[in-house]
Number of protein chains: 2
Amino acid sequence: LGQAFAAEAPLSSWNPGPSKTAIINYVKAVTRSDSPDYIPAADRIAVFDNDGTLWAEQPMYSQLAFAIDRIHALAPQHPEWQQQQPFKAVLEGDLTTALKGGEHALIEMVMASHAGMSSEAFTELVNQWLATAIHPTTKRKYTDMVYQPMLELLDYLRVNGFQIYIVSGGGIDFMRPWVEAVYGIPPQQVIGSSLQVSYDYNDGKPQIIRQAKINFIDDKATKPVAIHYHIGKRPVFAFGNSDGDWQMLQWTKGSPYLSFAGIVHHTDAVREWAYDRESKTGRLNKAMDQARRDNWTLVDMKQEWRRIFPTVK
Amino acid sequence: LGQAFAAEAPLSSWNPGPSKTAIINYVKAVTRSDSPDYIPAADRIAVFDNDGTLWAEQPMYSQLAFAIDRIHALAPQHPEWQQQQPFKAVLEGDLTTALKGGEHALIEMVMASHAGMSSEAFTELVNQWLATAIHPTTKRKYTDMVYQPMLELLDYLRVNGFQIYIVSGGGIDFMRPWVEAVYGIPPQQVIGSSLQVSYDYNDGKPQIIRQAKINFIDDKATKPVAIHYHIGKRPVFAFGNSDGDWQMLQWTKGSPYLSFAGIVHHTDAVREWAYDRESKTGRLNKAMDQARRDNWTLVDMKQEWRRIFPTVK
């Protein structure tokens with residue numbers, strides 16, 4: 001029933017417009033068995049960025065909010081943080097100062113809040129946080145800050161035989177606990193940045209332990225690299241929202257099959273946020289230029305999305 | 001029809017015996033919906049070593065034979081190899097001397113033969129080699145050196161809703177081109193050792209280029225680590241044949257679900273090869289001790305396998 005419905009009325013939160021038309025035309029062209037552009041189901045690999053593409057990323061990445069809450073929770077065990085940046089500023093609620101240290105400060109915050117525990121313990125922390133944390137401006141749960149039109153796009157692709165992967169700069173282990181319930185994407189189809197982990201036999205109760213060392217940063221030119229390691233096939237369909245997705249979109253558009261590159265353009269300052277070339281989070285500049293030059297699908301959120309977020313029950 | 005047949009007469013190349021009984025009892029226990037040990041299909045993750053578990057690994061790993069053939073093919077472009085080990089010995093057909101340099105020599109041979117080209121070019125080389133290369137003792141193609149009873153086990157698990165991954169010390173990109181045709185396992189369910197790769201925009205014809213640097217060695221304690229990165233779920237079923245699989249088997253047996261650990265014990269010197277504790281390739285020592293101590297399934301190839309290799313058409 002779900003499949004039949006999706007096949008009959010796909011993308012109902014998308015207004016009629018160039019993006020909806022391009023998506024439907026593409027999917028028909030590659031799935032009709034008599035089409036010259038037919039792609040066998042095994043090669044229908046679709047990749048989606050997460051932050052700013054499937055869920056909101058303003059005023060800060062959700063994972064950064066998680067790190068900040070963890071730092072507050074851990075502070076009693078770390079009296080030295082009262083004098084030590086970026087932790088001092090985090091504990092004083094002064095995020096601007098905390099982030100002045102740039103990438104180095106961000107990595108310190110992630111290490112302090114994401115490492116030194118088993119994989120199961122970390123999953124439990126993520127689940128607990130998502131069950132209670134509230135987005136600072138919308139007062140919704142973070143998992144309700146997903147884009148309804150993109151949920152419908154995921155359904156539409158699945159019904160049409162696509163295998164969908166997330167390819168995100170966010171932490172692979174931060175996403176895996178909840179993506180199946182929220183997006184219908186199983187944990188093994190999530191690619192992201194990661195910390196190093198190690199195997200510990202632990203007297204017959206083996207564990208994977210999270211280390212305070214970066215294993216992989218999944219962003220820009222390393223997105224195609226991560227796709228190669230994890231999937232080993234070239235995608236035919238890709239969606240992103242920032243220059244961090246630029247190379248993934250290029251790599252997809254270079255497929256020998258008919259391919260699709262889409263970009264969510266954040267144009268709706270009323271219902272969501274409006275930002276592109278000058279934004280610190282989710283900067284969209286070079287990828288937008290290539291989208292316009294090469295006729296990629298640039299989704300105008302304000303014009304093309306009838307609804308942004310799902311109705312919360 | 002294929003599924004119905006497999007469900008009625010599974011594992012037909014397995015003689016009645018403890019291993020066949022253990023496999024069937026396990027699968028029934030975790031798939032019957034009224035069983036106390038029932039596992040939801042989404043969590044039925046099975047992991048298999050490749051060399052010595054799904055296909056033969058004697059007298060040397062197939063991938064090493066590939067590297068040697070590549071070194072011969074590339075030698076005209078490398079006159080310096082005439083004086084330089086391990087290449088000099090390889091070109092003289094003296095593998096013993098070539099491998100005296102241990103792991104360092106092996107890595108040099110892999111770098112020289114597997115790097116410096118696009119991912120597509122490498123896939124093409126692997127496919128060409130497998131189409132023509134002949135195993136030195138059996139005179140079969142390498143892809144005919146797979147174990148018929150294990151092919152039937154893969155089918156049996158698939159019919160019962162398991163998602164099957166290869167977790168091999170062998171090269172991930174050496175396996176991916178052929179595992180779908182030979183084992184029915186798609187490329188994205190292959191985990192292995194890898195070289196570093198880089199993304200190259202290449203004037204609008206993007207490529208993944210293989211670098212002469214190790215990215216990951218998937219062996220022993222890094223097998224559970226690789227499983228964590230790629231799958232993010234703990235397996236419930238694992239099969240290996242050597243101490244290189246020991247930690248993967250332990251990690252699987254530590255699952256909160258009812259779990260299964262199996263080891264192919266190479267006991268048949270007539271139809272295949274007999275080796276275990278003292279073998280250089282595929283040494284099985286500590287894992288065999290734990291298998292006996294903890295009642296893991298130790299498959300006696302000679303006694304329990306009616307047939308070793310498939311009939312070649």
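The values are calculated or read from the model by the stated rules, or taken from the named source; none is laboratory data. Computed from a predicted structure; not experimentally measured. Glycine also receives a Cβ, built like all others from the backbone with ideal geometry; neighbour counts cover every protein chain displayed. The area values use the complete protein model at the heavy-atom level, side chains included, leaving out ligands, DNA and RNA. Shrake-Rupley method; radii C 1.70, N 1.55, O 1.52, S 1.80 Å.
Side notes on the structure shown:
- Selection within the range A:19-56 - of a type outside the set (A, V, I, L, M), in a helix (DSSP H, G or I), away from chain B (no Cβ under 14 Å) and surrounded by 14 or more Cβ atoms within 10 Å (Cβ to Cβ): A:Ser19, A:Lys20, A:Tyr26, A:Thr31
- The selection criterion, being more than 8 Å from chain B (Cβ to nearest Cβ) and of a type outside the set (S, T, N, Q), holds for A:Ile227.
Residue-wise test of (1) touching a residue at least 40 places away in the same chain (Cβ under 8 Å); (2) in a helix (DSSP H, G or I); (3) touching a Pro at 6+ places or on another chain (Cβ under 7 Å).
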position: B:Thr96; (1), (2), (3): no, yes, no
position: B:Ile107; (1), (2), (3): yes, yes, no
position: B:Ser113; (1), (2), (3): yes, yes, no
position: B:Gly116; (1), (2), (3): yes, no, no
position: B:Glu120; (1), (2), (3): yes, yes, no
position: B:Leu130; (1), (2), (3): yes, yes, no
position: B:Thr137; (1), (2), (3): yes, no, yes
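- Residue match in the range A:43-58 (condition: over 29 Å from A:Pro310 (Cβ atoms) and modelled with pLDDT of 95 or more): yes
- Some residue of the range A:195-202 being surrounded by 21 or more Cβ atoms within 10 Å (Cβ to Cβ) and within 9 Å of another protein chain (Cβ to nearest Cβ): yes
- Residue selected from the range B:88-137 under the condition of a type in the set (Gly, Ala, Ser) and loosely packed, with under 12 Cβ neighbours inside 10 Å, by the criterion nearest to the other protein chains (Cβ to nearest Cβ): B:Ala131
- Extreme residue, nearest to the other protein chains (Cβ to nearest Cβ), among residues of the range A:251-264 that are closer than 20 Å to B:Asp203 by Cβ and buried (at least 24 other Cβ atoms within 10 Å of the Cβ): A:Trp251
- Residue within the range B:265-280 that is open to solvent by less than 20 Å² (accessible area, probe 1.4 Å) and either of a type in the set (Phe, Trp, Tyr) or within 14 Å of chain A (Cβ to nearest Cβ) (or both) present: no
- Some residue of the range A:183-194 being part of a strand (DSSP E or B), more than 8 Å from chain B (Cβ to nearest Cβ) and more than 16 Å from the chain's Cα centre (by Cα): no
- Qualifying residue in the range A:195-202 (condition: farther than 15 Å from A:Phe48 by Cβ and modelled with pLDDT under 95): yes
- Annotation: of all residues in the range B:286-299 being open to solvent by 50 Å² or more (accessible area, probe 1.4 Å) and in contact (Cβ under 8 Å) with a residue 40 or more places away in the chain, the one that is nearest to the chain's Cα centre (by Cα) is B:Lys286.
Yes or no, residue by residue, for (1) of a type in the set (S, T, N, Q); (2) in contact with a Phe, Trp or Tyr (Cβ under 9 Å, 6 or more places away or on another chain):
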position: A:Val225; (1), (2): no, yes
position: A:Tyr229; (1), (2): no, yes
position: A:Ala238; (1), (2): no, yes
position: A:Ser242; (1), (2): yes, no
position: A:Leu249; (1), (2): no, yes
position: A:Thr252; (1), (2): yes, yes
position: A:Leu258; (1), (2): no, yes
position: A:Ala269; (1), (2): no, yes
position: A:Glu272; (1), (2): no, yes
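Each row is one residue, and each column tells you yes or no for (1) within 21 Å of A:Lys280 (Cβ to Cβ); (2) aliphatic (A, V, I, L, M); (3) out of contact with any strand residue (DSSP E or B) (no Cβ under 6 Å at 6 or more places or on another chain).
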| site | (1), (2), (3) |
| --- | --- |
| A:Thr97 | yes, no, yes |
| A:Ile107 | yes, yes, yes |
| A:Thr132 | no, no, yes |
| A:Pro136 | yes, no, yes |
| A:Phe162 | no, no, no |
| A:Val167 | no, yes, no |
| A:Asp173 | no, no, yes |
| A:Pro177 | no, no, yes |
| A:Ala181 | no, yes, yes |
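- Every pair of residues 6+ apart whose Cβ atoms lie under 8 Å, when the first sits in the range B:28-55 and is free of Cβ contacts under 8 Å to residues at least 12 places away in the same chain while the second is of a type in the set (Asp, Glu) and surrounded by fewer than 23 Cβ atoms within 10 Å (Cβ to Cβ): B:Ala42/A:Glu180
- Looking across the range B:1-18, just one residue is surrounded by 14 or more Cβ atoms within 10 Å (Cβ to Cβ), modelled with pLDDT under 95 and assigned to a loop (DSSP other than H, G, I, E, B), and that is B:Pro10.
- Selected residue [over 29 Å from A:Gln250 (Cα atoms), among the aliphatic types (A, V, I, L, M), out of contact with any Gly (no Cβ under 6 Å at 6 or more places or on another chain) and more than 10 Å from every other protein chain (Cβ to nearest Cβ)] from B:Ile214, B:Ile164: B:Ile164
- Boolean, B:Tyr147 is away from chain A (no Cβ under 11 Å) and either open to solvent by less than 30 Å² (accessible area, probe 1.4 Å) or in contact with a strand residue (DSSP E or B) (Cβ under 8 Å, 6 or more places away or on another chain) (or both): yes
For every residue, the table says whether it meets (1) open to solvent by less than 20 Å² (accessible area, probe 1.4 Å); (2) more than 26 Å from A:Leu106 (Cα to Cα).
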residue	(1), (2)
A:Lys139	no, no
A:Gly169	no, no
A:Phe174	yes, no
A:Gly184	no, yes
A:Lys205	no, yes
A:Phe216	no, no
A:Val225	yes, no
A:Ile231	yes, yes
A:Ala238	yes, yes
